[in-house]
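Nothing in this text is a laboratory measurement; each read-out follows from the coordinates by a stated rule. What you are looking at is a predicted structure, and each value in this text was computed from that prediction instead of being measured. Cβ placement follows ideal geometry from the backbone for every residue including glycine, while neighbour counts extend to all protein chains displayed.
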Amino acid sequence: MLKEKLQEIKDSNTNLYQHLNNVLTKILLDNPKNAFELFEDYSFQVKSSGFSFDKYNEFDNAERTKISMDQAIQQKTLKLVNKINLGTDEEPQEATQTGYLPNLTEEAYLYEWAGIGIDENYKIFKALSLLSVTKQASKLRFWGKIMAREKDYYIAEGVANSQVEDGELPPEVEPRGSGVNTKSYWACTDILNDKDWVELPLITPQQINVSRQIKYMFTGNLEADVITNPYFFGKEKHLLKAQIVRITQSTVRIPKGQYILREGDPREIDQTPEYKLPGFHELKTLNDWMHFNTNILNCGRLVHLIPSELPDGVEPDIYQKQIEAADPFENRLKQLSNDKLPNNKPAWKIRIVGDTTDYNPLAKDTNNKVNNGVIIIKSLVWPGLVTVYSNKVLSQLYYGYGFKATTNHFYPKQPQQVQTEQPDLPEQPEPNFPAEVPQQQQD
Amino acid sequence: MDISFNDLKFIQQIGQTLNMEERIKLKLAILKIQEHYTFDEVLFWGRVEGVEKDYYIAMGIQYKGQYEFPLKKFYWSSNNYHFAELPKYNEEYASRADNLREPFTGQHEHIVFKTEEEINFEDSLDIPAQLPAKHFSELERLSYVVQQVEFNCASIPVGSYRLTPTHELIRKAFKGVKAELKNYQHFRVPTRKDKQDLIARDEALYREDFLDSLVDDTPNQQWSLQADSTQRNITLRNLIWPGYVTYNNDYTFGYAYFGDGIKNSDFEFLL
């Protein structure tokens, strides 16, 4: 009875019963301490804002869509985790052979000491195993994560299946398997979706050179256009590959002595015979490490290009020397302590963390002490690049936006001046010769 | 972030974390801050990496008794895990500090740039005495970076705090928001006129978006909202200060800064 009475007292939008319900709901939700004093305020607010308790979704909660979204994601995660155990595709098959894949979960423990966290490392590991099986890639490893504006890229490095054909390549592009295109890289933005791994394309020296001049923040879409000045010929996936190659070529590090220069050809290296990875104490300073890869030359390749047609009168050997003098190689196996940034600051920082006490080994007959310390080397030229070493495990990772450390502000190159058009010559009337008078014939 | 460090999994999305030793020592050191000044909450703010040593920053927040916005106090420590109050930086050099691109060295007395300040005593009759110029030290640079990041980036989801009728902030039972930029707001004294009006008219008591919204930040693309593969752990990253993360799950939220303290001033050119 009372309810109907209250419902009869109406306004245009609502009735008194509804209104009282709304006011009381709001007060209960907000729970202010002096609700008594604020009661009229609440009533006024509810009237003016039109709060209605049955349409209450204050937090834009969307609880139900979350639950259904959850189910889809759980399905995908299960599929990812189970697939490699059951074989690819839905039918269980025999476990196929895969190339070597470092155990990411164990390495993640080392990286935690370095202050680098790899989220969801088990899922990444599974996704990489799947990649190894589906694309028959060998020597696969998790290269790192490049963060972008909308979605991040997870990058895997490896050697692709040799049966991939590339077709005709222009002569200055180093073919797959040599030069800057030695290793192949795959990028993916969604690790739950195994079809998402895209192999990054081969890159040209021109692309490398342009990538040295621009600074671009990736968007997360591999096919996006890269609009910069100077113009970058390619899509985001080319630029991504170029940055990855630049980072890798200049930062892979190995302990000193693991490789030696080949005699007769100082640009090639061989593994030192009978080399054992040193213990903790021998690698504590920057002097104990050296670069592994060659530097990218100014022309954007790893090896100079000798054109097949030389200018007249020039011997091939002399021509080669000329090119090399113009664009010299850097020595291979350089030590890290010699690297400096342009403003003469150090280019690497080395830290030691963890438990650094020497323990006597379990087996009584070896002399080597066990040391669980972790050596971390971080690059200051490419911030985000980390190498960790502990107990004979050496690993490297990149987590960053793909920028090189810059000491100056970045100003994009100004486009070239567009010259003004020459003013048109004023129009002149066509010369009209008077009609020709035929010459009189001579007799 | 909370010093139980349960939320580190969010920070791992940008590839940073704290190792075991750091976690244990920081927890003890931050609890020690409460011995001198009792705050409502003492949180771990972040880590600024330097070449030789890193800096750890903690933040104490006092809600009760503060009108309009809680009081925040910052504490810093180096690798010795002994927290001290973060001093104020010299404001005249703030704009120069903004453009620095070198990493922090880790030595807090290191002089970042020399200032030519001469302080003359005017009441001295003969020769004005000059104090030696006080150079801009790395500690001041750290203080500047912390204040800048806190002002420009610190953000919380809408609906997480409420303004009480006495204009104090209290935390609410938080139920999660949809992952959109408009659902986040700055955790600072409102600077934008429309929000200040709301508070002046007391209407802010009834709304949950009474602080400056992130959507109005210019340039708007500096915020990057991403989720991990479970789509439940959301991180909101700032691209001008890379390393800053606001994270949010259904029931927890927080923010932290894990980076090298260098502002990405070229951001406008990168789009």
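Using 13 Å as the cut-off for backbone N distance, which residues of region B:1-28 belong to the label zone defined by a point 7 Å from the Cα of A:Ile73 along Cα→Cβ?
Those under the cut-off are B:10.
Exactly which GluC sites (Glu not before Pro) in region B:1-56 are in a DSSP loop and have at most 10 other Cβ atoms within 10 Å?
On the way: sites: B:Glu21, B:Glu22, B:Glu35, B:Glu41, B:Glu49, B:Glu52; in loops: B:Glu35, B:Glu49, B:Glu52.
Those satisfying the criteria are B:Glu35.
Given the convex hull of the Cα atoms of region B:59-107, what is a quarter of its surface area in nm²?
Details: hull surface 21.4 nm².
The directionally averaged projection comes out at 5.3 nm².
Partner chain Cβ atoms within 10 Å, averaged over the residues of A:108-121 - can you pull that number for me?
5
May I ask you to sort B:Phe113, B:Phe5 by Cβ crowding, counting other Cβ atoms within 10 Å and putting the fewest first?
Values: B:Phe113 12, B:Phe5 17.
With the fewest neighbours first, B:Phe113, B:Phe5 line up as B:Phe113, B:Phe5.
Fewest Cβ neighbours within 10 Å first, please rank B:Asp250, A:Asp424 accordingly. The partial results should precede the final answer.
Values: B:Asp250 15, A:Asp424 6.
So the ranking, lowest neighbour count to highest, is A:Asp424, B:Asp250.
Taking R0 as 60 Å, what's the FRET efficiency between A:Glu106 and A:Asp424 from their Cβ-Cβ distance, rounded to 0.05? Walk me through the numbers on the way to the answer.
Numbers: r = 75 Å, r/R0 = 1.25.
My answer for the efficiency is 0.20.
For A:Tyr122 and B:Lys27, what does the FRET efficiency come to when R0 = 35 Å and r is the distance between their Cβ atoms, rounded to the nearest 0.05? Spell out each step's value before the answer.
Working: r = 27 Å, r/R0 = 0.77.
It comes to 0.85.
Please compute the net charge surrounding B:Gly106, taking Lys and Arg as +1 and Asp and Glu as -1 over other residues with Cβ under 14 Å from its Cβ. Please report the intermediate quantities before stating the final value.
On the way: positive: A:Lys345, A:Lys349, A:Arg351, A:Lys378, B:Arg47, B:Lys53, B:Arg141; negative: B:Glu49, B:Glu52, B:Asp54, B:Glu102, B:Glu109, B:Glu138, B:Asp260.
Neighbour charge sum, excluding B:Gly106 itself: 0.
Distance in nm between label sites at B:Met20 and B:Arg188, each 7 Å beyond Cα in the beta-carbon direction?
Once both label points are built, they end up 3.9 nm from each other.
With 10 angstrom as the radius, rank B:Lys193, A:Lys237 by how many other C-beta atoms surround their C-beta, starting from the fewest. Please report the intermediate quantities before stating the final value.
Details: B:Lys193 8, A:Lys237 22.
So the residues, fewest neighbours to most, are B:Lys193, A:Lys237.
Taking R0 as 41 Å, what FRET efficiency do you get between A:Arg212 and B:Glu180 from their Cβ-Cβ distance, rounded to the nearest 0.05? Walk me through the numbers on the way to the answer.
Values: r = 37 Å, r/R0 = 0.91.
Efficiency at R0 = 41 Å is approximately 0.65.
Excluding A:Val393 itself, what net charge comes from residues whose Cβ is under 13 Å from its Cβ, given Lys and Arg +1 and Asp and Glu -1? Provide the component values of the computation, followed by the final result.
Working: positive: A:Arg141, A:Lys392; negative: A:Glu106, A:Glu107.
Spelling it out: positives minus negatives among the neighbours equals 0.
Expressed in nm to one decimal, what extension gain is obtained for the pair A:Arg351 and A:Phe233 from 0.36 nm per residue of sequence separation less their Cα-Cα distance? All intermediate terms of the calculation are to be shown ahead of the outcome.
Details: separation 118, 0.36 × 118 = 42.48 nm, distance 4.01 nm.
Gain in length upon complete extension: 38.5 nm.
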